[in-house]
Every structure is written in C-alpha cells, then in structure tokens.
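Read the figures in this text as sums done on the coordinates, not as results from a lab. Everything numeric here is computed off the predicted structure, so don't read it as measured data. Quick reminder, even Gly has a Cβ in these numbers, built from the backbone with ideal geometry, and neighbours come from all protein chains shown.
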Amino acid sequence: TGNQWGYGEEDGPSSWYKDYPIAEGARQSPINIAPEEAVYDHGLPPISLHYDNCTSTNISNNGHSVVVDRCECDRCSSLLTVIQGGPLENAYRLKQFHFHWGGKGCHGSEHTVAGKTYTSELHLVHWNAAKYSSFAEAAVAPDGLAVLGVFLEIGDERGGLNKITDSLYMVKFKGTVTDFRDFNPNCLLPSSLKYWTYPGSLTTPPLYESVTWIVLTEPICVSEKQMGKFRTLLFNSEEEEQRTRMENNFRPPQPLKGRTVRASFK
Ligand SMILES: Clc1ccc(Cc2nnn[n-]2)cc1
Ligand SMILES: [Zn+2]
C-alpha cells in the first residue's frame with residue numbers, strides 16, 4: 001500500500017523518480033551551496049524566530065527520521081511559533097522538526113557547503129498559515145513551506161539536545177510515538193542567524209517543490225555520543241524481522257538548474 005521509499009540500495013534516492021517524477025524537477029533539494037556564487041542581497045531582511053511559545057507534543061519514529069511534532073491544540077495553535085522576515089512575505093508557523101544524519105564519520109547532512117558535508121542537519125518545517133488553511137494545502141503550493149536548516153558537527157556536547165537523545169530509546173521502532181512536551185527548539189539554534197536562501201523542495205517523497213529554504217551558515221556542535229544515540233533508532237517496525245539501523249537518511253545534493261542562492265551577508 002502506498003509508495004515504499006527509503007534510503008537503501010533498492011528504494012533509495014536514485015530510484016525515487018520512478019514513483020515521484022518530480023524528483024527530476026527544476027527546484028529540487030538539497031543542493032550544494034557554493035558560497036562564492038551566492039548573491040549577497042542587501043534587500044534581504046534578517047529572519048526572526050518566535051519560538052518562545054513553542055510547545056512540542058510528541059516525538060515519533062516515522063521510518064525515515066525522528067520527528068518532534070508541535071502541539072496543534074486550540075490553545076497552542078493560537079500561540080504563535082513562527083519564522084518571519086528574510087525571504088518570507090509573511091509569518092510561517094512551525095509544524096515539526098526532525099533530523100537527517102550519517103553513519104559514523106562526518107557525512108550525514110543534506111545540504112553541503114562548497115562540497116563539505118556535516119554530520120547531521122536539523123530541519124524545522126514551517127507552513128504559510130497566513131495564506132493557506134492547512135499544512136496539506138500549503139505543502140503543494142510554491143510559497144507554502146519554509147524549512148530552516150541547521151548544520152550539526154561533531155564537537156562538544158550540546159546540552160539542549162539531551163532531552164531529545166534521552167527519549168530516542170522510546171521511539172526505537174518505526175511507528176512508535178511518545179509524549180514529548182515543552183521542548184523549545186530555541187536551544188538548538190546557533191548564535192548567528194546568517195543564512196543562505198533559495199527556492200527548493202521537500203527532500204523526501206513526495207518531494208513537493210513548495211519549500212523556501214533558509215540554511216543557517218553557522219553549525220552547532222554535538223558530541224559523538226549524542227549522534228550515536230540517533231543511530232540506535234531503526235528504520236523498521238517491531239513486527240518486521242529485519243533490524244535495519246536508521247542512519248544515512250539523507251538525500252544527496254540535486255542539480256541547481258539555474259537557481260540563484262542568495263546570502264543574507266557579505
Ligand atoms: Cl511533512 C514533511 C515531509 C517531508 C519532509 C522531509 C524533508 N523535506 N525537507 N526537509 N526534510 C519533512 C516534512
Ligand atoms: Zn528534512
């Protein structure tokens with residue numbers, strides 16, 4: 001039932017085009033960011049993040065990544081948790097955040113910077129709630145989504161990440177979910193909000209070309225021990241006999257096809 005895609009030899013990124021022809025589209029993500037070719041746009045305002053009211057609700061393993069959903073209850077959804085400014089015409093509301101990572105070593109990010117890969121990449125997924133009435137409606141619109149990308153590199157431990165890594169044992173298997181309240185992703189942001197921005201897509205099927213990408217230039221540091229806990233997750237459910245470690249859940253860079261990457265800085 002439905003399209004079975006993954007990150008393996010048979011079902012991985014190089015075969016997604018069979019079920020999702022948009023995989024070969026004109027604005028696919030991720031991309032390699034070439035800083036020298038990025039165009040400094042002095043008209044680009046800074047981005048502003050209002051995550052203070054951010055309340056998470058649960059953490060889950062969807063068979064592709066580990067996802068922290070934002071609470072959508074009436075009280076919470078009235079409280080604004082948004083990204084605005086930068087290339088965005090209006091405020092985009094946070095829907096969820098998740099990660100992409102590698103096996104041991106320093107590959108694992110989706111975007112690369114002058115060919116450099118990072119050990120992981122955090123994605124905060126937002127939708128244009130000012131213009132569309134649901135995430136699903138926004139997800140298919142060219143200005144529907146905004147994803148904030150944060151690079152993770154191996155170094156000192158990141159304290160704020162421990163609440164997540166200490167919960168991962170509860171969502172080891174695909175299809176598992178557990179309460180995960182009051183986590184604010186502010187603690188996972190670097191000190192600088194300098195960014196690159198370009199028009200792109202979701203990096204997994206359905207690969208919709210609806211994402212305004214905002215990729216922060218400054219990585220955050222996480223420890224090898226913390227990354228090791230991400231790699232205890234499994235792609236498969238408890239019922240499946242196959243036990244496949246969840247790692248290398250990243251799509252490689254896609255052709256730029258004439259797009260311009262803009263920089264918020266000189
Ligand atoms: Cl709703 C949804 C669908 C796909 C992805 C995967 C992804 N796309 N861009 N970054 N991650 C994340 C959220
Ligand atoms: Zn992602």
* **Kirkwood hydrodynamic radius (C-alpha pairs) into Stokes-Einstein, segment 155-266, 20 °C and 1.002 mPa s, D in µm²/s** => 127
* Between Ile154 and residues 5 or more places away or on another chain, which pairs have amide H atoms under 5 Å apart, with H built 1.01 Å from N, and which residues are they? -> Thr119, Val222
* **Qualifying trypsin sites (Lys or Arg not before Pro) in segment 94-151, DSSP loop, other Cβ atoms within 10 Å at most 14** => Lys104, Lys131
* Structure fact -> Output for segment 115-169 (equivalent-ellipsoid semi-axes, sqrt of 5λ from the C-alpha gyration tensor, Å, descending) is 30, 16, 8
* Asked: Using alpha carbons only, what's the Rg to Rh ratio of the chain with Rh from Kirkwood?
  -> 0.93
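What length, rounded to one decimal in nm, is gained on full extension from Thr260 through to Ala136, with 0.36 nm per residue of separation minus their alpha-carbon distance?
41.9 nm
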* For segment 1-46, report the translational diffusion coefficient in µm²/s to the nearest whole number, using Stokes-Einstein at 10 °C, 1.306 mPa s, and a Kirkwood Rh over Cα pairs. => 116
* Dividing the convex hull volume of the alpha carbon atoms of segment 209-266 by its residue count, what do you get in Å³ per residue? -> 155
* To do: Among Ser109, Ser191, Ser60, rank each residue by its count of other Cβ atoms within 10 Å, from fewest to most, as a rough exposure measure.
  => Ser191, Ser60, Ser109
* Would you mind estimating how fast segment 23-144 diffuses translationally, via Stokes-Einstein at 25 °C and 0.890 mPa s with the Kirkwood radius over Cα pairs, in µm²/s? => 149
* Taking only the alpha carbons of segment 9-77, what extent do you get along each of the three principal axes, in Å, biggest first? -> 42, 41, 17
* Structure fact -> Two pseudo-spin positions, 7 Å from Cα along C-beta at Ser48 and at Ser14, lie apart in nanometres by 4.7
* For n ≥ 4 DSSP H runs only, could you compute -39500 (n - 2.57) per run for the chain, divide by its residues and tell me the 222 nm figure to the nearest 500? => -2000 deg cm²/dmol
* Structure fact -> Straight-line reach check, Lys104, cutoff 18 Å on alpha carbons, 8 or more apart in-chain or any other chain, hits among lysines -> Lys116, Lys225, Lys229
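Work out the length of the dipole vector of the chain about its Cα centre, built from +1 on the beta-carbon of each Lys and Arg and -1 on the beta-carbon of each Asp and Glu, and round it to the nearest 20 debye.
For the chain, the charge dipole is close to 400 debye.
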